[in-house]
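Right, one structure below, let's go through it.
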Amino acid sequence: LGVVGGGINASGGFQGFVIHSGVESGLPNLTGEHYVLACQSVLTRNCSIEIPEADEIVTHPARIIKGTVVAVEAPTHDIRRLRVRLAKPFEFSPGQYATLQFSPEHARPYSMAGLPDDPEMEFHIRKVPGGRVTEYVFEHVREGSSIKLSGPLGTAYLRQKHTGPMLCVGGGTGLAPVLSIVRGALKLGMTNPILLYFGVRSEQDLYDAERLHKLAADHPQLTVHTVIATGPINESQRAGLVTDVIEKDILSLAGWRAYLCGAPAMVEALCTVTKNLGIQPEQILRR
């Protein structure tokens, strides 16, 4: 019999480590030798499957809820922050996402930046040149616009039973799920040391820095670093790529849990760095 242990892949699927089994994967190697993505794999003989962290599986009811946009903010030149008041309560775990439907032809998944009991849901949307949905949001979504939210979705959510340090990295609008995860951990009274890195390309792409540093000032277990890849920085900021800064700051990630959120290329680079620093692949959650 084969034994499979696993973690969570960026697609939201179950990623397994195959020791002995008949499994043929439809994808190239994901995170190292013997890793496969279950939804892209075919069993060729009997296997035994070990589900990781079974006590942390969440089963929030899937819902479709109407909402109203109550505020549209512009924290940067190419990001819109939508605040949405929902008609009904919406249960989710910090770090999950939902599909927002702005019109019958315009729907896309976005991460919640807040918590379920916040009076309004918060979403960060970056304009993608030529992106049909994001261009619609920037041109047509205003205060008072109606949306439909469906979810929750995603498995890169806060693991409440983890007692070791937490590494939370957000790039660009990847800050949204990181905010949800960090706020969730603090609200639950988790005492884990939390190291948060927010990486952006340039000063004009930076937003919510004061919000992050205020959160850190109120919670000594949280340390925040804002990292700017190019251009000048001030005394409260770090220069360079967030991957390089993490390699300089941390000697070992053994025993840590990592939440990595942002553009796929950045997340892939972060996965490589964190594994080189000793984190176990199943301790990496990606969005």
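Every read-out reported here was derived from the displayed coordinates using simple, explicitly stated rules and does not represent laboratory data. Just so you know, these numbers come straight off a predicted model, no measurement behind them. Backbone-built Cβ (ideal geometry, glycine too); neighbour counts: all protein chains shown.
Tabulated data
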{"read-out": "Placed amide H near residue 222: partners under 5 Å, 5+ positions off or other chain", "value": "194"}
{"read-out": "Value of relative contact order over the range 167-222, rounded to a whole percent, pairs C-alpha under 8 Å and six or more apart", "value": "42 percent"}
{"read-out": "Pairwise FRET efficiency - residue 235 versus residue 150, Cβ, R0 = 45 Å, nearest 0.05", "value": "0.55"}
{"read-out": "Ascending count of other beta-carbon atoms within 10 Å, so fewest first, for 245, 69, 137", "value": "245, 69, 137"}
{"read-out": "Integer Hz, Karplus 6.51/-1.76/1.60 couplings in order for the range 181-197, x for Gly and Pro", "value": "5, 5, 4, x, 4, 5, 5, 6, x, 5, 9, 4, x, 10, 10, 10, 10"}
{"read-out": "Sum of side-chain charges, residue 190 neighbourhood, beta-carbon under 14 Å (Lys, Arg +1; Asp, Glu -1)", "value": "+4"}
{"read-out": "Other-chain or far-sequence residues with amide H under 5 Å of residue 199's (modelled H)", "value": "170, 171, 172, 227"}
{"read-out": "Order of 134, 68 - criterion: other Cβ atoms within 10 Å of each residue's Cβ, fewest first", "value": "68, 134"}
{"read-out": "Gain upon complete extension [residue 265, residue 44; 0.36 nm per residue less C-alpha separation]", "value": "76.3 nm"}
{"read-out": "Calculated from backbone phi, Karplus (6.51, -1.76, 1.60) coupling profile of the range 90-96 in Hz, x at Gly/Pro", "value": "9, 8, 7, 9, x, x, 7"}
{"read-out": "Highest-first arrangement of 58-67, 102-111, where packing means the average Cβ count within 10 Å", "value": "102-111, 58-67"}
{"read-out": "For the range 56-197, size of Cβ-based charge dipole, Lys and Arg +1, Asp and Glu -1, in debye", "value": "140 debye"}
{"read-out": "Listed pairs 127/275; 88/187; 148/275 exceeding 29 Å between Cα atoms", "value": "127/275; 148/275"}
{"read-out": "For peptides 89-98, 210-219, sequence by mean Cβ density within 10 Å, most packed first", "value": "89-98, 210-219"}
{"read-out": "Vicinal HN-Hα couplings computed from phi for the range 105-115 (Karplus, 6.51 cos²θ - 1.76 cosθ + 1.60; Hz; Gly/Pro x)", "value": "9, 10, 9, 6, x, 9, 7, 6, 9, x, 10"}
{"read-out": "Built amide H within the under 5 Å cut-off of residue 41, gap 5+", "value": "26"}
